[in-house]
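Below: the structure, in structure tokens.
Rule-based calculations on the coordinates, nothing more; no lab input. Values in this document were obtained by computation on a predicted structure and should not be read as measured data. Because the Cβ atoms are built from the backbone with ideal geometry, glycine has one as well, and the counts that use them run over all protein chains shown.
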Amino acid sequence: MWHASISRSQSAMSVKRYAFTVHGYVQGVFFRKYTQNSAAALSISGFVRNLPNGSVGGEAEGPPDNLERFRRKLEQGSDMSTVQKVEWDEIEVRKEGEGQGYMKATSSERFSIARTYY
């Protein structure tokens, strides 16, 4: 599995975390892989998953400038997707060891495609 990382030397002030939901034609069109690849290119950690309502959601953590570029990539979408709207809400940066499974991602870990169970 692919891993993106951010230097541990970055201070907490230089890292932010966002929850996102992407609405539109975004399932079954490689949107999650596109999201993972976009995160890799920008050293963003977190996860992405399909949601039961047909949208895609996740969390992303990294340097503010990279997160802004990542948000624009989500708005652009993959070649086969059609993005109608991106919800983008700042959330608290996770501390080391918080969360469970893919929710545990910290700035030193990966950006993963999470399994979807509905």
Original post:
For labels at Asp89 and Ala41 in the simple 7 Å Cα→Cβ model, what's the distance in nm?
Top reply: 2.8 nm
**OP:** Would you mind checking which residues have amide H under 5 Å from Phe111's amide H? H placed 1.01 Å from N; only 5 or more apart, or other chain.
**Re:** Ala4, Gly46
Original post:
Assigning unit charges at the beta carbon (Lys, Arg +1; Asp, Glu -1) and nothing else, what dipole magnitude in debye, to the nearest 20, does the stretch 14-113 show about its Cα centre?
Top reply: 240 debye
Original post:
What's the FRET efficiency of Asp79 with Ala19 using the Cβ-Cβ distance as r and R₀ = 30 Å, to the nearest 0.05?
Top reply: 0.75
